[in-house]
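Below: one structure, written as structure tokens.
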Amino acid sequence: MADRALEILRSVFGYPAFRTPQDEVIATLMAGEDALVLMPTGGGKSLCYQIPAMARPGTGVVVSPLIALMQDQVAALRQAGVRAAYLNSALDAAEAREVERQFLEGGLDLLYIAPERLVLERTLTLLERVPLSLFAIDEAHCVSQWGHDFRPEYMRLSILHERFPQVPRIALTATADEPTRREIAERLGLSQARRFIQSFDRPNIRYRIVQGLDSPREALLRFIRNEHAGDAGIVYCLSRKKVEDVAQWLTEKGVQALPYHAGLPAATREQNQARFINEEGWVMVATIAFGMGIDKPNVRFVAHLSLPKSIEAYYQETGRAGRDGLPANAWMSYGLQDVITLRQMMEASEADETHKRVERHKLDAMLGFCETTDCRRQALLAYFGESHDTPCGNCDTCLEPPQTWDATVAAQKALSCVHRTGQRFGVNYLIDVLRGKDEERIRQNGHDRQSTFGIGADLGVAAWRGLFRQLIARNLLNVDFEGHGALRLTPACRALLKGEAPLWLRKETSRPKTRTTRAAVRTVFASSEDQSLWDALRACRRRLAEEQGVPPYVVFHDATLMQMVEQRPHSRHELAGISGVGERKLDAYGDAFLQVLREAEFS
Ligand code: ADP
Ligand code: ZN
């Protein structure tokens with residue numbers, strides 16, 4: 001049995017070996033037992049059910065919540081020569097009948113079905129007429145009412161076990177938190193299932209957070225130009241307006257950028273999404289409405305121009321970079337205004353007190369993560385309950401350790417300025433008072449005669465803004481409920497004011513480093529021959545993809561083309577040895593790519 005699985009991995013998918021724990025998951029299903037698989041994005045979940053579905057007798061039924069994802073997976077499987085199809089609302093009646101006919105004839109190894117369709121009596125009856133190899137429940141966290149992707153239909157999937165007790169089931173998710181895991185096991189009746197829990201680390205993603213920039217937009221542009229020219233990426237912004245502004249601005253600056261948010265007409269949204277997926281090198285500027293169900297493996301960077309509300313959201317959004325395992329960047333700009341906006345949104349939210357407390361806690365954790373001077377990856381994974389002993393060496397704090405300074409006295413000045421001015425003013429006003437600015441409004445309020453007037457002239461505006469940001473982030477100051485941005489003291493600041501607790505803060509760098517620490521991320525080749533071969537291989541891939549109306553990565557992944565550049569295969573036999581080249585693809589595309597490789601040789 002195990003031999004059969006390995007044989008399929010090699011001949012159909014063209015990969016030499018399983019990753020952990022793929023082989024064990026597959027063995028579990030082959031033995032007819034259930035499995036619950038928690039693996040990060042890009043970990044290789046699909047093969048865990050695709051291969052046993054092919055190796056066991058009967059058809060494997062896959063429940064997947066998103067039409068786009070299903071189509072992508074089925075297209076990719078067919079490219080590899082696997083008999084796969086889907087049933088969802090994208091098919092008309094005649095097409096659906098044709099798929100059902102193939103299924104009834106035993107002509108399918110894998111059938112993808114939308115959850116709302118699967119739980120219909122009509123579908124269940126259909127499934128009873130043919131032997132089934134397994135049920136795979138993808139994106140299993142959709143069963144969780146607390147998560148952001150809740151799908152009511154998922155709650156009804158426990159019927160699968162009742163109706164088909166002998167068919168093994170596998171549930172898969174990339175969602176890390178423990179309550180969701182528990183919910184999945186309970187709701188889907190998988191408490192007895194064997195669990196496979198992988199680390200949620202995404203080692204190929206480099207985390208970077210830059211603080212307190214004058215112009216985050218400019219910094220983003222520099223980042224894209226220096227490190228990601230021509231790469232596909234996603235830029236997240238909080239508001240629709242900002243999405244449109246940034247997309248337009250980037251376009252003016254010569255970056256291929258498209259907007260995406262829920263306020264755009266559906267046709268525009270679809271078109272932009274299709275271009276992002278099917279063409280190369282687009283930057284999608286989007287609200288968080290974009291991303292779920294995007295399987296594009298070669299998204300090389302995810303940038304945040306607005307702060308996510310929680311670490312979960314940050315992890316999920318950045319996780320869309322580098323699914324293919326090649327180096328990728330998660331870049332975020334973050335400043336005083338973000339902190340104020342989010343704190344205000346939280347206070348103004350209509351949610352009940354319990355929910356608010358949870359949300360506040362999540363935001364605190366997110367802000368703490370932004371301000372940390374320790375390894376980002378260690379902090380991120382610690383939040384998900386994973387402890388890693390050594391700093392990662394692939395995040396900004398590891399690569400350029402931030403400097404800290406004793407901000408105790410400055411913080412005391414800031415806090416007493418807030419106090420003396422009556423806790424009614426916003427950051428800009430407070431900084432003006434601290435720096436002793438000659439201002440009409442300050443004089444009118446009599447604050448030029450206050451003891452804190454001018455006591456902070458030794459620090460510049462940027463340093464004060466950084467200080468206030470960190471005080472708010474650490475909950476030493478609070479933002480008012482009414483939304484005017486006035487700052488108030490919190491009980492937590494007492495110890496600091498009394499001088500009982502020293503405060504060490506991150507030093508603000510007025511200008512971010514523009515130099516990149518290492519050109520680790522871009523697909524740059526040592527020689528110009530390599531570069532032109534890479535371009536030629538990509539052109540060949542694009543042509544083949546267009547002919548068939550599939551995304552380029554469905555033909556071959558970047559990693560496969562990259563290996564072709566490195567190894568320069570001369571024959572079909574050598575080409576077959578490249579990871580990602582299975583038998584069907586060798587037949588279909590081998591000659592075209594060998595031709596490109598030969599031409600490169602003689603040019
Ligand atoms: P997930 O669903 O967990 O995000 P995928 O199933 O899409 O991940 O796999 C991520 C990438 O890893 C895909 O490009 C896939 O082809 C590749 N992959 C999966 N398993 C292997 C393997 N054993 N060897 C090489 N590549 C693999
Ligand atoms: Zn690190």
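The values are calculated or read from the model by the stated rules, or taken from the named source; none is laboratory data. As the structure is a prediction and not an experimental result, all values here were calculated from the model. Here Cβ is always computed from backbone atoms with ideal geometry, including for glycine, and neighbour counts include all displayed protein chains. Areas reflect the complete protein model, heavy atoms only, side chains present, ligands, DNA and RNA absent. Shrake-Rupley method; radii C 1.70, N 1.55, O 1.52, S 1.80 Å.
Loop only by DSSP, 15 or fewer other Cβ within 10 Å of the Cβ. Give me the chymotrypsin sites (Phe, Trp or Tyr not before Pro) in segment 112-220 that pass, ordered by residue number.
Hits after loop and neighbour filter: W146, F150.
Could you work out how far helix 93-104 tilts from the main Cα principal axis of the chain, as a 0 to 90 degree angle to the nearest 10?
Once rounded, the angle reads 60 degrees.
Regarding segment 2-197, what are the three Cα extents along the principal axes, ordered largest first, in Å?
For segment 2-197, the Cα extents along the three principal axes come out at 43, 39, 30 Å.
Once R0 is set to 25 Å, what does the formula 1/(1 + (r/R0)^6) return for the Cβ-Cβ distance between S11 and R78, expressed as a FRET efficiency to the nearest 0.05?
Once the sixth-power term is evaluated, E becomes 0.95.
How about segment 82-156: which trypsin sites (Lys or Arg not before Pro) there are in a DSSP loop, with at most 13 other Cβ atoms within 10 Å of their Cβ?
Those satisfying the criteria are R129.
What relative contact order, as a whole-number percentage, does segment 205-399 give when Cα pairs under 8 Å and 6 or more residues apart are counted?
Answer for segment 205-399 is 26 percent.
If I take R0 = 60 Å and measure r between the Cβ atoms of E599 and R449 in this structure, what FRET efficiency does the formula 1/(1 + (r/R0)^6) give, to the nearest 0.05?
With R0 = 60 Å, the Cβ-Cβ based efficiency is 0.15.
Roughly how big is segment 2-197's charge dipole about its Cα centre, with Cβ charges of +1 (Lys, Arg) and -1 (Asp, Glu), in debye to the nearest 20?
220 debye
Note down the relative contact order for segment 82-241 as a percent, whole number, built from C-alpha pairs under 8 angstrom at least six residues apart.
Computed over segment 82-241, the figure is 16 percent.
Given the pairs K309/K356; K437/K498; K253/K309, which are separated by over 18 angstrom at their Cα positions?
Exceeds cut-off: K437/K498; K253/K309.
Rounded to whole Å and sorted largest first, list the principal axis extents of the Cα atoms in the chain.
For the chain, the Cα spread along each principal axis is 89, 64, 48 Å.
In whole Hz and in residue order, list the ³J(HN,Hα) couplings for segment 437-445 that follow from phi through the Karplus curve 6.51 cos²θ - 1.76 cosθ + 1.60, θ = phi - 60°; x for Gly and Pro.
Each residue of segment 437-445 in turn: 6, 7, 9, 3, 4, 5, 5, 4, 7 Hz.
Each label point is 7 Å from the Cα along the Cα-to-Cβ direction; what then is the distance between the points at Q145 and T125, in nm?
3.2 nm
Relative to 2.2 N^0.38 Å, what does the C-alpha radius of gyration of segment 530-583 come to as a ratio? Two decimals please.
Compactness ratio reported: 1.09.
At a Förster radius of 51 Å, what calculated FRET efficiency corresponds to the Cβ-Cβ distance of E153 and D438, to the nearest 0.05?
0.20
Hey, how much of the P(r) for segment 404-506 falls beyond 23 Å, as a percent of Cα pairs?
Tail of the P(r) past 23 Å holds 19 percent of the pairs.
Which is farthest toward the positive dipole end of segment 79-194 among L172, T125, H148, measuring Cα position about the Cα centre, with Cβ charges +1 (Lys, Arg) and -1 (Asp, Glu)?
In segment 79-194, that residue is T125.
In debye, nearest 20: dipole of the chain around its Cα centre with unit charges on the Cβ of K, R (+) and D, E (-)?
Taking the Cα centre of the chain as origin, the dipole is about 1380 debye.
Please list, in chain and number order, the residues 5+ apart from A136 or on another chain whose amide H is under 5 Å from its amide H, with Hs placed from the backbone.
V61, V62, V63, I170
Counting other Cβ atoms within 10 Å of each Cβ, which trypsin sites (Lys or Arg not before Pro) in segment 224-310 have at most 16 and sit in a DSSP loop?
Of the trypsin sites (Lys or Arg not before Pro), the ones in loops of segment 224-310 whose Cβ has at most 16 other Cβ atoms within 10 Å are K253.
Relative contact order, percent, of the chain when contacts are C-alpha pairs under 8 Å separated by at least 6 residues?
That works out to 14 percent.
Per DSSP helix of 4 or more residues, -39500 (n - 2.57); summed, then divided by the residues of the chain. What does that give at 222 nm, rounded to the nearest 500?
-13500 deg cm²/dmol
Looking at the chain, send over the antiparallel percent of its DSSP beta bridges, to the nearest 5.
10 percent
Could you work out the per residue convex hull volume over the alpha carbons of segment 205-399, in cubic angstrom?
129 Å³
Under the rule of at least 5 residues apart or a separate chain, name every residue whose amide H is placed under 5 Å from the amide H of N329.
Residues meeting the criterion, in which the H sits 1.01 Å from N, are R206, F301, V302.
Over the chain, give the accessible area per residue in Å² for a 1.4 Å probe, as an integer.
44 Å²
Which residues make up the longest stretch of the chain that has no GluC sites (Glu not before Pro) in a DSSP loop with at most 11 other Cβ atoms within 10 Å?
Free of exposed loop sites, the longest segment is 106-349.
So, with a 1.4 angstrom probe, what is the percent of accessible area on the chain that is carbon and sulfur?
49 percent
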